[in-house]
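Before anything else, here's the structure in question.
No value in this document is a laboratory result; all are computed from the given coordinates. This is a predicted model, so every value here is computed, not measured. Every residue, glycine among them, receives a Cβ derived from its backbone with ideal geometry; neighbour counts consider all protein chains shown.
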Amino acid sequence: MANVFEMSSEDILHLFDDDFNFSGYSTDLPPESADASPCRIEDSGLNKYFVMTLYIVVFLLSLLGNFLVMLVILHNRLSRSVTDIYLLNLAMADLLFALSLPIWAASKVNGWIYGTPLCKLISLLKEVNFYSGILLLACISVDRYLAIVHATRALTQKRHWVKFICMGIWGLSLVLSMPILYSREAFKSEDYGFVCYESLGKSTEKWRLVLRILPQSFGFVLPLLVMLFCYGFTLHTLFEAHMGQKHRAMRVIFAVVLVFLLCWLPYNLVLVTDTLLRTNLIEDTCPRRKAIEQAINATEVLGFLHSCLNPIIYAFIGHKFRYSFLKILAAHGMVSKEFLAQHSKPSVHGSSSGNTSTTL
């Protein structure tokens, strides 16, 4: 197979567990000393067939849900808000990542048999999905902060600027994800099959440290601080002014941010812990390496689950989303106008920016 090179079973014995394929971020690197013994990673506790089935279910839900979200937002062309444009790009990011889930699912059972180019590509999709997601949510937080705290409409209503901002977010997400293209390779082991893994030569620990810290600082920590700052002041303003309608209008946005953090924060905290282990800021022991590897496998599954959750949030919390979707069905004769009339149009009264989102 092209672009896949072989390693001896002794070289990567520590990279695999017999029942669960390697995640790609093992803490158990080859020992620096020839006399040192590698730490064998124990069972991750996750059944590979269960994970494969879960990924397929997430793929189907994400495909359907994000397609419907994009349909609803694009259908409301004349009344689209700035927040809608950000949420449209968020759905696009989740949809693109979802397309890679069948390959991730198959690799959990068969190992990585797809070669280095595909290893790099779908790893890149995963990173771009994460970075674009948190950067878009940070932009939404800034938009809401300007609209509610400062009652500013000028910046939030200039859609041509928003399009350039979204293009910049996609570009920055790609730049932050570039280390994946440099480092990922597909390895073949005589005894343990194939794996998609980081390969940085003899300076593996030093370079992996650099290639983790820089993207995580600019693509995770900084946007997270921006969101905490903006939503902190936004909530303070809402509670201080007793703006009940705005509380309802912001529920969907807060739910989207909360679910994103619940899904991706554990994974990134585990990677931070792994980084501390590599810098010897915490003592490096085999039990700790094994615990971190198991945590990475589990939290990675949680992060992958996120790609199908936003449409579910919109459907259950977003009254305007449900109404807009029913309008599309009514326009095509799939539901009656009487049924649509039973679901009253959401009120937009009380929003200083016109509306948090004309769709959601």
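Taking the Cα-to-Cβ direction at E283 and at N110 and moving 7 Å from each Cα, how far apart do the two end points lie in nm?
4.5
Karplus couplings for segment 174-180 from phi (6.51 cos²θ - 1.76 cosθ + 1.60, θ = phi - 60°), rounded to Hz, Gly and Pro as x?
Calculated HN-Hα couplings, in order: 5, 5, 5, 8, 4, x, 4 Hz.
Residue by residue, what Karplus-based ³J(HN,Hα) values in Hz, rounded to whole numbers, does segment 214-223 have, using 6.51, -1.76 and 1.60 with θ = phi - 60° and x for Gly and Pro?
For segment 214-223, the Karplus-derived couplings read 5, x, 5, 5, 7, x, 10, 5, 5, x Hz, x marking Gly and Pro.
Past the 21 Å Cα-Cα mark, which pairs from K120/K290; K163/K320; K48/K188; K108/K290; K163/K327?
K120/K290; K163/K320; K163/K327
Would you mind ranking F97, F325, F254 so that the residue whose beta carbon has the fewest other beta carbons within 10 Å leads the list? Working shown, then result.
Values: F97 27, F325 21, F254 16.
In order of increasing Cβ crowding within 10 Å: F254, F325, F97.
Between F194 and residues 5 or more places away or on another chain, which pairs have amide H atoms under 5 Å apart, with H built 1.01 Å from N, and which residues are they?
W112, S189
Mind listing the long-range amide H neighbours of R184? Cut-off is under 5 Å, sequence gap 5 or more, other chains count too, H placed in the peptide plane at 1.01 Å from N.
Result for R184 returns S199.
Here is a further query. Taking θ as phi - 60°, what are the ³J(HN,Hα) couplings along segment 51-67 by the Karplus curve (6.51, -1.76, 1.60), each to the nearest whole Hz, with x for Gly and Pro?
Couplings: 5, 4, 4, 4, 4, 5, 5, 4, 4, 5, 5, 5, 4, 5, x, 6, 5 Hz.
Which of the trypsin sites (Lys or Arg not before Pro) found in segment 41-112 are loop residues per DSSP with 15 or fewer other Cβ atoms within 10 Å of their Cβ? Write down the numbers at each step before the final one.
Details: sites: K48, R77, R80, K108; in loops: R77, R80.
Taking segment 41-112 and a limit of 15 other Cβ atoms within 10 Å, the loop trypsin sites (Lys or Arg not before Pro) found are R77.
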